[in-house]
Amino acid sequence: MFATEKLLQLSFDAATMLAPMRDLFSVGLRRKDHELLHLDEGEFTIRNFDGVEWCFTDAERVPGLAITLRPRLENGTLFVGFAVSGVPADCALEWIEPLRLRVANPHGDLLLTHHEGEIVHNPMHQYYRTQEPGWHNYQFFPGYDQMQFIGYFADGKGLCCIARDTQCGVKFFNIRKDDAHLELYCRVYCGGNFGQDYDAGYDFSLEGCQPNWQSACSHYRDWLQSSGFAVPKGNYPEIVKESPVVAIYPVRGQGKDNGDMDYNEYFPYANALPVLQKLGNRLGSKMMALLMHWEGTAPWAPPYVWPPQGGEEPLAQFRDALHERGDYLGVYCSGTGWTQQSCIDWDYQPAKKCAEEHLEPHMAMGPDGKDLESLICCNLYAQRLGYDLCMGDDWARKTIIDEVGKLANFGLDYAQFYDQNIGGAAYLCWARNHRHAPVPGPDQVANQKSLLKELHDRYPKLVLGAESSAAEPYLEYLPFSDMRYSCWTMLDAHPVPAYSFVYHEYVNNFMGNQGGIQYYLDLDKQPENLLWRTAYAFASGNLLSVILGEHGTLLWGWICPWGQTTMPEQESELTLLRNLNDFRKANPQYLIYGRMLEPLNQVTGPKWTLPIMSRFPRELDAFITTWWQAPDGSKALIITNFRPVEQTVEVDGKPVVLPPLNAVKIAISN
């Protein structure tokens, strides 16, 4: 506890939000026998406390190991660098948690960058469950976490903790809690070789901010844009500039991810043309058909997807007809997994190929040196059984390059190839026969980034995307992705457009398939929920999407079976889609090229209730507000009325009438 007390005595802006705790840091060493050696600060002796470097040594279990922290104070911000030396020859430095931060008030609001951003109100409440980092926990950066910071707000104050790492190494931001205490932490995966010392080469910063998520995002964006972030602004693919509405549907099955996979009314592929044309005419928009269950192998059975169901010729006819109208064609894939057995089509069994060709050494391996099993979409009741490929393996990389090449050479416009690689992630690997260190770390990010760059350079006409938005080091190469902001966060948290706030000038995404939304929202109790979700996507600067059921019916989301008794009110949703997409195309300076801003006005008005499954209903504004700055410096407040009734709000005390199912723009003088 002495170290945390000394840290808080440095009087940085956010110090009053924190409280002393027993261990300021923890460290994990992976031994050659695969066992993990976990040490906390309390096991070390403080050997140096000169104000420039704090050195901790003489841990009984690893006597030569030394942890060095380098705190410094600049303009109210605390910066802390860190290093580890004296790593034994039979150990690799796997991770360090250099700053474990106990908050003084554990009943505040937590900002995590999971799935574009989420606010957890009072994370101490009984429902909010935390996960420890490690094998089969995919909530790491870069991936499920797209950004390198965490925010916390309580008692009218805010704290933003940023990892200022321009190399974007693997990290895990989250909290730990017990009955009385809440701890913020970041685990940094160091990727050390056996006996190798480590110096991070970057700092964590603890910064005071305003008590809202936008302020924390501003702090992060300010650092990012001053750090040499090299992605050019506004360099979007043509799809983004055209703003088509994305129409998502399967060609097999009845809207579910498993079970019956007979061809449906959208196969052959050209059967969908009248539905897409009618929808495009109704919306006054170009369309992008985004196909599911089209793979000639089996649905959701990576890495192999080609040829398409029915062969190339029927899909080519559909592609050409779409292109003739100025529309686009895209497909979902399933990323860099390896399927041993499809649980949808039991005749598809690549396990035989794996055994005959001795492919297991190419897979991502767990920390025990044995476990290969993947988790996402992998169980008998899901889509498949199998593993994850490691992008530090040459055979795995070639397999992905070849498969993406088939999609590009065919002439597809878009492939969400990295579905199930959340955020474009390369999943953690502990194998000792791949081109990376024996423990996870920066090598694995570099391997994934180099692969994505190679795909981009080889196949420049094919736009690639991921499930959830591309994490920071990958967004240049995954410039159009399926946001799904509300699909997994709604039970215990509330989505906020943190990703768009930070990155919208560099990348625009689309609303996505909203898969599994029926497990989180009580759809029947609030039939306007799809209107709210559509407006949220629009207000965040994203393109819009629809999920089609039979005869072109709009569904609540993916995995909602066709023909269910309760459906969205079609005319209201279609009207909202048209109005908002027209508004987007009429205001590209904000909604395509703009920068999201912190709130510049006080906006008040009616409330609206969103029922959450097995939780208390959530009271929200009956409208959505976002503030934008165009490249020329002009600013505007955009207020979106997602309800099918006219509403009146007050902006800085002045009434503003909101037409139903539409948005209004209010210019803001500089």
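Tabulated data
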quantity	calculated
Unique residue being within 12 Å of the chain's Cα centre (by Cα) and under 22 Å from F623 (Cα atoms) when the list is Y485, Y520, Y474	Y485
Odd one out for P611 among (1) touching a strand residue (DSSP E or B) at 6+ places or on another chain (Cβ under 6 Å); (2) at pLDDT below 95; (3) open to solvent by less than 30 Å² (accessible area, probe 1.4 Å)	(1)
Residue match in segment 493-503 (condition: in a loop (DSSP other than H, G, I, E, B), over 29 Å from H125 (Cα atoms) and touching a strand residue (DSSP E or B) at 6+ places or on another chain (Cβ under 7 Å))	no
Selection within segment 614-655 - open to solvent by 30 Å² or more (accessible area, probe 1.4 Å) and of a type in the set (V, I, T)	T625, V645, T648
Which listed residue, of C160, C168, is among the hydrophobic types (A, V, I, L, M, F, W, C), in a loop (DSSP other than H, G, I, E, B) and in contact with a helix residue (DSSP H, G or I) (Cβ under 6 Å, 6 or more places away or on another chain)	C168
Answer residue from segment 238-253, given it is in a loop (DSSP other than H, G, I, E, B) and out of contact with any helix residue (DSSP H, G or I) (no Cβ under 8 Å at 6 or more places or on another chain) and is surrounded by the fewest Cβ atoms within 10 Å (Cβ to Cβ) among those	G253
Condition broken by R102, with the remaining ones in (1) open to solvent by less than 30 Å² (accessible area, probe 1.4 Å); (2) assigned to a strand (DSSP E or B); (3) within 21 Å of L18 (Cβ to Cβ) satisfied	(1)
Of all residues in segment 332-370 being open to solvent by 50 Å² or more (accessible area, probe 1.4 Å) and closer than 30 Å to L37 by Cβ, the one that is modelled with the lowest pLDDT	K370
The listed residue being touching a Gly at 6+ places or on another chain (Cβ under 6 Å), open to solvent by less than 10 Å² (accessible area, probe 1.4 Å) and either over 18 Å from L283 (Cα atoms) or at pLDDT 95 or above (or both), out of L591, L576	L591
Tally, over segment 562-575, of residues that are part of a loop (DSSP other than H, G, I, E, B) and either under 17 Å from Y520 (Cβ atoms) or of a type in the set (V, I, T) (or both)	4
Residue satisfying all of: in segment 254-275; open to solvent by less than 10 Å² (accessible area, probe 1.4 Å) and part of a helix (DSSP H, G or I); farthest from I344 (Cα to Cα) among these	A272
Lone unmet requirement of (1) in contact (Cβ under 8 Å) with a residue 40 or more places away in the chain; (2) out of contact with any Pro (no Cβ under 6 Å at 6 or more places or on another chain); (3) within 30 Å of E238 (Cα to Cα); (4) assigned to a helix (DSSP H, G or I) for P361	(3)
Inter-residue pairs, beta-carbon under 8 Å, first part of a loop (DSSP other than H, G, I, E, B) and in segment 276-287, second small (G, A, S), 6+ apart	S285/S243; K286/S243; K286/G280; K286/G326
Exclusive hit being surrounded by fewer than 14 Cβ atoms within 10 Å (Cβ to Cβ), of a type outside the set (A, V, I, L, M, F, W, C) and in contact (Cβ under 8 Å) with a residue 40 or more places away in the chain, set D90, D50, D23	D90
Which listed residue, of Q514, Q526, is part of a loop (DSSP other than H, G, I, E, B) and open to solvent by less than 10 Å² (accessible area, probe 1.4 Å)	Q514
Evaluation of L290 against (1) on the phi < 0 side of the Ramachandran plot; (2) open to solvent by 10 Å² or more (accessible area, probe 1.4 Å) (one fails), failing number	(2)
Selection from segment 166-197 of residues that are hydroxyl-bearing (S, T, Y) and surrounded by fewer than 23 Cβ atoms within 10 Å (Cβ to Cβ)	T166, Y185
Flag for Y185 being among the aromatic types (F, W, Y), under 20 Å from the mean Cα position of the chain (by Cα) and part of a strand (DSSP E or B)	yes
Selection from segment 447-462 of residues that are in contact (Cβ under 8 Å) with a residue 12 or more places away in the chain and open to solvent by 20 Å² or more (accessible area, probe 1.4 Å)	K449, K453, E454, H456, R458, Y459, K461
Residues of segment 427-484 satisfying the condition of being out of contact with any helix residue (DSSP H, G or I) (no Cβ under 6 Å at 6 or more places or on another chain), farther than 15 Å from G512 by Cβ and small (G, A, S)	A431, G441, A446, S450
Residue ID - nearest to L544 (Cα to Cα), chosen from residues in segment 485-495 that are at pLDDT 70 or above and touching a helix residue (DSSP H, G or I) at 6+ places or on another chain (Cβ under 9 Å)	Y485
Close pairs (7 angstrom Cβ cut-off, 6 or more residues apart or separate chains): over 23 Å from L69 (Cβ atoms) in segment 200-215, assigned to a loop (DSSP other than H, G, I, E, B) anywhere	P211/G156; W213/G117; W213/V496; Q214/E598; Q214/P599; S215/E598
Residue match in segment 120-129 (condition: within 22 Å of F204 (Cα to Cα) and part of a strand (DSSP E or B))	no
Tabulated pairs, segment 114-136, first open to solvent by 50 Å² or more (accessible area, probe 1.4 Å), second basic (K, R) and not in a loop (DSSP other than H, G, I, E, B), C-beta under 7 angstrom, 6+ apart or interchain	T130/R176; T130/K177
Qualifying residue in segment 315-327 (condition: surrounded by 20 or more Cβ atoms within 10 Å (Cβ to Cβ), in contact with a helix residue (DSSP H, G or I) (Cβ under 8 Å, 6 or more places away or on another chain) and not in a helix (DSSP H, G or I))	yes
Selection within segment 508-539 - hydroxyl-bearing (S, T, Y) and either touching an Asp or Glu at 6+ places or on another chain (Cβ under 8 Å) or without any contact (Cβ under 8 Å) to a residue 60 or more places away in the chain (or both)	T534
Any chance E403 is out of contact with any strand residue (DSSP E or B) (no Cβ under 9 Å at 6 or more places or on another chain) and surrounded by fewer than 23 Cβ atoms within 10 Å (Cβ to Cβ)	no
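To keep it simple, each residue is scored yes or no on (1) hydrophobic (A, V, I, L, M, F, W, C); (2) in a loop (DSSP other than H, G, I, E, B).
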{"position": "Y593", "(1), (2)": "no, yes"}
{"position": "W608", "(1), (2)": "yes, no"}
{"position": "V645", "(1), (2)": "yes, yes"}
{"position": "P655", "(1), (2)": "no, no"}
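The values are calculated or read from the model by the stated rules, or taken from the named source; none is laboratory data. Worth saying up front: this structure is predicted, and the values here are computed from it rather than measured. Heads up, the Cβs are rebuilt from the backbone with ideal geometry, glycines too, and the neighbour counts pull from every protein chain shown. Areas reflect the complete protein model, heavy atoms only, side chains present, ligands, DNA and RNA absent. Shrake-Rupley method; radii C 1.70, N 1.55, O 1.52, S 1.80 Å.
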